[in-house]
Amino acid sequence: MAGRKSAKRLGDAVEARELPGLEPSAVPASEDPHHKGHRQRLYTRFLDGGPDALQDYELLEMILFAVNPRRDVKPLAKALIRDFGDIWSVVNAPPPRLRTYCVGEVSLASDKAVATLRAVGAAALRGMRQRVMDRPVLANWQSLLDYCTAAMAHQPMEQFRLLFLDRKNKLIADEVQQTGTVDHTPVYPREVVRRALELSASAIILVHNHPSGDPTPSRADIEMTKEILRAAHSLGIAVHDHVIVGKGKHVSFKAQGLI
């Protein structure tokens, strides 16, 4: 038995030396068949069953494979989901915060790691935006809300977004006009209507986020909306709605009888 064990160790060492550029002690842990098998199993489950066949951290693992192809990324994926709450928050997290993550021998300190995660979020958001542009917003209202929520709900600062519509209520432009603080965004009614005139827009939809997560309109939100309504009405521009986006929910001024 001892002779067979010695022969096996010698065989392993010879096999390692045959790997170009690697000493036996430098063979990556991920060359272990367990790691290879785990990744292949995830690929197979994803292709056969779709994304619902995987848990959130497993989908994130698949993204992280590109960040570190030789190490076990599962502990890092689980840590990210635990801290951020969901995949969307991870792939849209601020780069400085992502760079602080290191679990075991897998780190997000590099540009490649951060860019890989952020690119996934950017691609998904762009796809959602393309689904609503140049389409009648009233017939695609839920898609529009989904896009605005994805774009704004996790922003750390307030943003004031303007959606410009043509005479057929098709979305012709989507612009962030102002970015403010954690609880305030300066909005200038004159700039809102000036931009609408530049784009020959017939109507606008106002959208802003509350980083606190609570989309309840403040008194300042209501007063600001009234000012924009007056300025837009004087120039024949309709204001269809003002939507406040929170985390997982939103408030429509029109639905609340505030417009």
On the given criteria, is VAL103 touching a residue at least 24 places away in the same chain (Cβ under 8 Å), open to solvent by 40 Å² or more (accessible area, probe 1.4 Å) and of a type in the set (Val, Ile, Thr)?
-> yes
Is it the case that some residue within region 117-126 is assigned to a helix (DSSP H, G or I), over 26 Å from GLU58 (Cα atoms) and within 16 Å of the chain's Cα centre (by Cα)?
-> no
Given the structure, is VAL193 within 31 Å of the chain's Cα centre (by Cα) and outside any loop (DSSP other than H, G, I, E, B)?
-> yes
Please verify whether region 205-214 includes one or more residues that are in contact with an Asp or Glu (Cβ under 7 Å, 6 or more places away or on another chain), in a loop (DSSP other than H, G, I, E, B) and among the charged types (D, E, K, R).
-> no
Mind checking whether some residue in region 209-228 is within 22 Å of VAL90 (Cα to Cα), out of contact with any Ser or Thr (no Cβ under 6 Å at 6 or more places or on another chain), in contact (Cβ under 8 Å) with a residue 60 or more places away in the chain and surrounded by 15 or more Cβ atoms within 10 Å (Cβ to Cβ)?
-> no
Failed item in (1) within 20 Å of VAL132 (Cα to Cα); (2) open to solvent by 20 Å² or more (accessible area, probe 1.4 Å); (3) out of contact with any Asp or Glu (no Cβ under 8 Å at 6 or more places or on another chain), with ARG194 passing the rest | (1)
Looking only at region 152-187, and only at residues there that are in contact with a helix residue (DSSP H, G or I) (Cβ under 6 Å, 6 or more places away or on another chain) and of a type in the set (A, V, I, L, M), the one that is modelled with the lowest pLDDT | VAL187
Do we find that ALA77 is open to solvent by less than 50 Å² (accessible area, probe 1.4 Å), more than 23 Å from TYR147 (Cβ to Cβ), in contact with a Phe, Trp or Tyr (Cβ under 7 Å, 6 or more places away or on another chain) and not in a loop (DSSP other than H, G, I, E, B) in this structure?
-> yes
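The values are calculated or read from the model by the stated rules, or taken from the named source; none is laboratory data. Everything numeric here is computed off the predicted structure, so don't read it as measured data. Virtual Cβ from ideal backbone geometry, glycine too; neighbours counted across all protein chains shown. For accessibility, only protein heavy atoms count, side chains too; no ligands or nucleic acids. Shrake-Rupley method; radii C 1.70, N 1.55, O 1.52, S 1.80 Å.
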